[in-house]
Amino acid sequence: MLGSSERNCPRLACRRRRRAVGIRHEPAGNTESDTHAQKYEVGSNLTLEFVGDYPTAQSLEQLHQELKFQSAVQIAIWAQPMVAVAFAKKGMEDAGIHNTTISIAEQRASSDNVIYTANQETVYAYGFTELGDEPMVFTIAPMTLGFMADAWQRPIEDLGLTGPDAGKGGEYIIIPPGYKGEIPKESKGVYVFQSPTKTVFWLQRAFVEGDQTEEDAVSILKANSKIYPLSKKGQKVEQHFVNQSVTPFFAVTKNEGMEFWDMLNTMIQLEPVQERDLAIMGLAKTIGIMKGKEFKPDENTKKILIRAAEVAKGMMMAMGFDSQNDIKTWQGLQWEPAFQTKSPYFDGIGHTEIHERGTFTYQAMTGAKSMVAKMVGKGSQYQIATKDSEGNFLNGSNTYKLTVPANVPVNNYWSICVYDVKIRSLIQNGTPKSSTGSHLDLDVNADGTVDLFFGPEKPEGVNENNFVLTNKNEGWFTYFRFYGPLQ
């Protein structure tokens, strides 16, 4: 117990130490209580004063607020993948695409569907399913490419061509967390996997190749795709489908306001806490988010959280659109891997790649091992460009030319999709077309190269398929997709 007598504690009474600990400081002048009062300046907005080695009342208040703010910024980056899943799930539910509904982009992806970095080359079927007390059966179609992921956008397993069914289709039985019942046995065409979270994100891509039509791909998906509880296995199940091509929805994260934090709290209450996240759950307690507790931030905390979400958003944009890492794919060019990781789980050596994960899941939805791991001749690989050859951010007011080399090393085809920076979805340019690629009837140069153009007006003489319209004064970025990438 600390007493007031110097005799009992001479060191406490006689030594008033300056502790700059790497922060700039300057004398603040004499005070009645201490001649060693100090003023610390941290950054540009926080000024701290210490008297008798203790922070003043004003500085203490600032420090408590700063602790909440800094904790909240890192929590927002950590939580981005799970909050993105929550927003996407809610956006589709609001449009009538519910738990066991299968949504299919029957006329390809539409820019009216605001969803992370969709493409217009494949016929999508995807959705979000919340597992209940029993396993769920997902029957998938043959010759598709897809995956199942948990609420953190970590792969549960690839589906289709890169999955255990190897493109033959089959049944995937997903076990919910905490399930105490009998685990079904695997058999030919039946695969069993445990989900670490109640929410499952699943996706299938059907390809339109050769003499096939979109209608053919849709028919195959509808004839072979079902979602139902395991207890109904063997019974006749009526599957509900929604044509998402004509069903507008908004399914991307709103990294602003209190909605982000309310959605995070909802997911924290719903999903099991993973052991790897216990430390950051400790930070979440600082802002009032705790498992099993009501989230009731006061007005001051709300202001801090709103600001923190904005700063975290800016940081994820900085890391994703202006990476400071040496990760350029081709020397002298601006292309970079969309995934700033070698792990589809964002598992580094001895750490979780929180910033890399937040960076990617701010701009896209993930969950496939085949999108990161090298699977020569199958799967897909993505490159991102946000800048032109001079290092300037891409702007819809300018016209750009991209020359694609001859003989792009793919088994299937390549594509270029244009996305809106604000919503990270297909650019809404007033036309049905937000992309182009080798699956279209492109004009090809004599040497096999292809010139593509992007701008507010189509250059004279350019084939419509070699052009994508952009919006003036609006930023955009692009993904270069390789389907069936070769060595």
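Details
- Ile287 falls short on exactly one of the conditions (1) surrounded by fewer than 15 Cβ atoms within 10 Å (Cβ to Cβ); (2) touching a Leu at 6+ places or on another chain (Cβ under 7 Å), and that condition is (1).
- Residues of region 201-219 that turn out to be small (Gly, Ala, Ser) and crowded, with 17+ Cβ neighbours inside 10 Å, as a count: 2
- Search result, residues across region 337-380 that are surrounded by fewer than 22 Cβ atoms within 10 Å (Cβ to Cβ), charged (D, E, K, R) and not in a loop (DSSP other than H, G, I, E, B): Asp347, Glu356, Lys369
- Filtering Lys198, Lys236, Lys168, Lys222 for residues that are of a type in the set (Lys, Arg) and either touching a helix residue (DSSP H, G or I) at 6+ places or on another chain (Cβ under 8 Å) or buried (at least 18 other Cβ atoms within 10 Å of the Cβ) (or both) leaves a single hit, Lys198.
- Any chance Leu333 is closer than 13 Å to Ala385 by Cα and out of contact with any Leu (no Cβ under 7 Å at 6 or more places or on another chain): yes
- Counting the residues of region 157-208 that are out of contact with any Leu (no Cβ under 7 Å at 6 or more places or on another chain), under 27 Å from Lys374 (Cα atoms) and of a type in the set (A, V, I, L, M, F, W, C) gives 10.
- Residues of region 147-162 satisfying the condition of being at pLDDT 95 or above and either part of a loop (DSSP other than H, G, I, E, B) or among the hydroxyl-bearing types (Ser, Thr, Tyr) (or both): Asp150, Ala151, Trp152, Gln153, Arg154
- Subset tally (residues that are within 18 Å of Asn445 (Cβ to Cβ) and open to solvent by less than 30 Å² (accessible area, probe 1.4 Å)) for region 455-479: 3
- In region 93-116, residue farthest from Pro229 (Cα to Cα) [restricted to those that are out of contact with any Ser or Thr (no Cβ under 7 Å at 6 or more places or on another chain) and of a type in the set (Val, Ile, Thr)]: Ile104
- Selection from region 73-94 of residues that are of a type in the set (A, V, I, L, M) and either open to solvent by 10 Å² or more (accessible area, probe 1.4 Å) or closer than 24 Å to Trp202 by Cβ (or both): Ala79, Met82, Val83, Ala84, Val85, Ala86, Ala88, Met92
- Long-range neighbours under 6 Å by Cβ, at least six apart or interchain, first residue without any contact (Cβ under 8 Å) to a residue 60 or more places away in the chain and outside any loop (DSSP other than H, G, I, E, B) within region 460-485, second surrounded by fewer than 20 Cβ atoms within 10 Å (Cβ to Cβ) and not hydrophobic (A, V, I, L, M, F, W, C): Asn465/Asp441; Asn466/Asp443; Phe467/Lys458; Leu469/Asn429; Leu469/Thr431
- Subset of region 329-367 (residues that are among the aromatic types (Phe, Trp, Tyr) and free of Cβ contacts under 8 Å to residues at least 24 places away in the same chain): Trp330
- Region 245-263: number of residues that are open to solvent by less than 60 Å² (accessible area, probe 1.4 Å), at pLDDT below 95 and assigned to a helix (DSSP H, G or I): 1
- Any hit, region 104-116, residues being touching an Asp or Glu at 6+ places or on another chain (Cβ under 6 Å) and modelled with pLDDT of 95 or more: no
- Matching residues in region 413-438 - criterion: being assigned to a loop (DSSP other than H, G, I, E, B) and either buried (at least 20 other Cβ atoms within 10 Å of the Cβ) or touching a Ser or Thr at 6+ places or on another chain (Cβ under 6 Å) (or both): Tyr413, Arg424, Ser425, Ile427, Gln428, Ser434
- Per-region count, region 397-412, residues closer than 25 Å to Ala206 by Cα and either open to solvent by 30 Å² or more (accessible area, probe 1.4 Å) or out of contact with any Phe, Trp or Tyr (no Cβ under 9 Å at 6 or more places or on another chain) (or both): 4
- Evaluated against (1) in a loop (DSSP other than H, G, I, E, B); (2) within 22 Å of Asp420 (Cα to Cα), His98 falls short on exactly one condition, (2).
- Selection status of Ile227, in a helix (DSSP H, G or I), among the β-branched types (Val, Ile, Thr) and either more than 21 Å from the chain's Cα centre (by Cα) or modelled with pLDDT of 95 or more (or both): no
- The test for being open to solvent by less than 20 Å² (accessible area, probe 1.4 Å) and small (Gly, Ala, Ser) holds for Ala385.
The values are calculated or read from the model by the stated rules, or taken from the named source; none is laboratory data. Not measured: the values here are computed from a predicted model. For neighbour counting, all protein chains shown are included, and Cβ atoms are generated from backbone atoms with ideal geometry for every residue, glycine included. Heavy atoms of the whole protein, side chains included, go into the accessibility calculation; ligands, DNA and RNA do not. Shrake-Rupley method; radii C 1.70, N 1.55, O 1.52, S 1.80 Å.
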